[in-house]
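A.B. asks: This is the structure I want to talk about, given as C-alpha cells.
Each reported figure results from applying straightforward, stated rules to the coordinates on display, with no laboratory input. Everything quoted here is computed from the prediction, not taken from an experiment. Neighbour counts run over all protein chains shown; Cβ positions are idealised from the backbone, glycine included.
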Amino acid sequence: MTFEDDDEIRIKAWDLSHCGLVALPESFGSITVGGYLDVSYNQLASLPESFGSITVSENLCLENNELVSLPESIGSITVGGDLYLNSNQLASLAESFGSITVGGYLFLCNNLLVSLPESFGSITVGGNLYLSDNQLVSLPESFGSITVGGNIYLDNNPLEQPADIDRR
C-alpha cells in the first residue's frame, strides 16, 4: 500500500503489531482510523512529523517499540480511547505534548522520562494517567492544573518531595 500526500485514508481498524517495522512513511499522517491502530511491538525509533495529523477514534497502541522521541506534531493528535506509549525509550516529551487530548487512559510508564514539559499541565486525559517506572525527579509547576478523569500513577520514580508537601 502506498500513500500519496493528498490522499486521505480511512480505515476501520489496523493491526500492524509484531511486523518488524523500523519506520513509518511521512504520509502515514493522512490516516483516519474509525477503530484502533496498533503499531506496538515493532522497532520504531521515531515517528514521522505527520503523525500528529492522525485521528484514531479508539485506541492508539505504540508500546514496546524503541521510540526515543516524539514529533512536535504529537500535540495535535486526536485519540478517542487509550494512548499506549509505554515501554519505549522516551527520555523527554515535546513541548506540544501538553496540547494532547486522550479520551481514555494515557500510558507513559516504563520509559526513561527524567522530566515533563511545562505544558504537561494542560493535557486532558479521560481516564488514568500512568507515569510509573520512569526517572522523574520533579514535576513541572503546571502539573497541578492537569485534567485527569481517573488516577495518576507516579510510583517507581525517584521524585524529590517538594518542601510544601506533608507526607502524613
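A.B. asks: Under the 0.36 nm per residue contour assumption, what length would be gained going from the current alpha-carbon distance of residue 89 and residue 128 to full extension?
C.D. replies: Working it through step by step, the gained length comes to 11.9 nm.
A.B. asks: Once you mark the GluC sites (Glu not before Pro) that are in a DSSP loop and have at most 14 other Cβ atoms within 10 Å, what is the longest gap between them in the chain?
C.D. replies: 67-159
A.B. asks: Quick one: 3J(HN,Hα) in Hz for segment 37-46, Karplus 6.51/-1.76/1.60 with θ = phi - 60°, rounded, Gly and Pro as x.
C.D. replies: 10, 10, 10, 7, 6, 10, 10, 6, 9, 8
A.B. asks: Now for a different question. Enter the per residue convex hull volume of segment 9-153, computed from alpha-carbon coordinates, in Å³ rounded to the nearest integer.
C.D. replies: 80 Å³
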